[in-house]
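The values are calculated or read from the model by the stated rules, or taken from the named source; none is laboratory data. As the structure is a computational prediction, the values presented were derived from the model and not from experiment. Cβ coordinates were reconstructed from backbone atoms using ideal geometry, including for glycine residues, and neighbour counts include every protein chain displayed. SASA here: full protein model, heavy atoms, side chains in, ligands and nucleic acids out. Shrake-Rupley method; radii C 1.70, N 1.55, O 1.52, S 1.80 Å.
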Amino acid sequence: HLEKLNIVVKNTETDTRNVVTLFPNLKKMEIWGGHLNDQNLPDEIGNLTSLESLHLVSCGLNDLPESFINLKQLKELNLRGNGINVFPEVITQLENLEILEIQQSLTKLPDSLSNLKKLSKLNLNSALNGGNMDVAGDFLNEDKIYLKPIPEVIGKLENLKDLNLGICGVFDVTP
């Protein structure tokens, strides 16, 4: 009947598969992978249909499995320190997601992000523009400053109350 588990894994795929089998009623799970490289989440992750909060930290992930769509109760998702550089579209189908934290470099945000109607907190610290914040000393030299506008899709998140764009090189917040 375990509902919350924080664990460090040696092999993300095998160890997570075992966790899903042993603890199918989890509501909160945090997996640390110790800066693993080239790992996958097993499809069985989608069997945790009661899961409300999931943190995947340094697990070596490059993508999320399609079975992620089965995590209909998921309200909070935190991805950081993984190899994901393309926003996993499967996230945009998690209709109950309220908190999304992605702290790793992404190439762009998909337009389908606006599908997350309940999203109230979005933390993209270091996620946009290569996490490039090499502008602090360049304000004296205007030729070197290359600042990006805020992604347009963020303006379509109607319930967004908390937005973190730290270390993203985003300064133009013109609607």
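Structure data summary
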{"quantity": "Verdict on LEU106 being under 30 Å from PRO149 (Cα atoms) and surrounded by 18 or more Cβ atoms within 10 Å (Cβ to Cβ)", "calculated": "yes"}
{"quantity": "Test: residue in segment 83-96 that is surrounded by 16 or more Cβ atoms within 10 Å (Cβ to Cβ) and in contact (Cβ under 8 Å) with a residue 40 or more places away in the chain", "calculated": "yes"}
{"quantity": "In segment 4-41, residue most open to solvent (accessible area, probe 1.4 Å) [restricted to those that are assigned to a helix (DSSP H, G or I) and not hydrophobic (A, V, I, L, M, F, W, C)]", "calculated": "THR21"}
{"quantity": "When residues of segment 42-70 are limited to those that are of a type in the set (Asp, Glu) and not in a loop (DSSP other than H, G, I, E, B), the one surrounded by the most Cβ atoms within 10 Å (Cβ to Cβ)", "calculated": "GLU44"}
{"quantity": "Candidates GLU95, GLU101 - the one that is within 28 Å of ILE45 (Cβ to Cβ), modelled with pLDDT of 80 or more and in a strand (DSSP E or B)", "calculated": "GLU101"}
{"quantity": "Pairs where the first residue, in segment 150-175, is under 15 Å from LEU97 (Cα atoms) and the second is assigned to a strand (DSSP E or B) and modelled with pLDDT under 80, C-beta under 9 Å, 6+ apart", "calculated": "none"}
